[in-house]
1. Within the group LEU83, LEU21, LEU59, which residue is at pLDDT 95 or above and out of contact with any Phe, Trp or Tyr (no Cβ under 8 Å at 6 or more places or on another chain)?
2. Which one is most open to solvent (accessible area, probe 1.4 Å) among residues in the stretch 74-103 that are in contact with a Leu (Cβ under 9 Å, 6 or more places away or on another chain) and without any contact (Cβ under 8 Å) to a residue 24 or more places away in the chain?
3. Residue check, ALA102 against (1) touching a helix residue (DSSP H, G or I) at 6+ places or on another chain (Cβ under 8 Å); (2) at pLDDT below 95; (3) on the phi < 0 side of the Ramachandran plot, all met but one. Which one?
4. Could you please find all residues in the stretch 48-64 being closer than 18 Å to VAL84 by Cβ and surrounded by 16 or more Cβ atoms within 10 Å (Cβ to Cβ)?
Amino acid sequence: MRISSMFLGLALVGATTAPALAHAGDESHAVVRTEPIAGVYNKFWYNYLVDILEADKELKSDLNRATDEEDKRDAWEEYEHELVDADKDYVEEMRDRNYRVARVTVGN
């Protein structure tokens, strides 16, 4: 129990730091959630945070190993895919438990 509490605490601290490095053309980045859906802090929220931290760590590693611009582009594309996948999984788990993601539409 003590180890899992420590792990969750580390995940929370790590997730509150800024996401991985910014780069040119970052307007297309997927948004990383800063608050859980409906304010519910459960295992799915912490799993989401861990997925984001893992994606950040993998991006940094891939960028360090990149030898050309194509490698960097591939690293960023993979990072984007990981962010979208983590969010999709989190939203799906919360939706299965009857928590809905708010969606606001402005205009026609």
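The values are calculated or read from the model by the stated rules, or taken from the named source; none is laboratory data. Values in this document were obtained by computation on a predicted structure and should not be read as measured data. Cβ: placed from backbone, ideal geometry, glycine included. Neighbour counts: every protein chain shown. Remember, those area values only see protein heavy atoms, side chains included, never the ligands or the DNA or RNA. Shrake-Rupley method; radii C 1.70, N 1.55, O 1.52, S 1.80 Å.
1. Working: LEU21 fails: at pLDDT 95 or above; LEU59 fails: out of contact with any Phe, Trp or Tyr (no Cβ under 8 Å at 6 or more places or on another chain).
None of the other options fit; the residue is LEU83.
2. Only one residue fits best here, namely GLU78.
3. (1)
4. If we filter the stretch 48-64 for residues that are closer than 18 Å to VAL84 by Cβ, which is where we start, we get 48-59, 62.
Those that are closer than 18 Å to VAL84 by Cβ and surrounded by 16 or more Cβ atoms within 10 Å (Cβ to Cβ): TYR48, LEU49, VAL50, ASP51, ILE52, LEU53, ALA55, ASP56, LEU59, ASP62.
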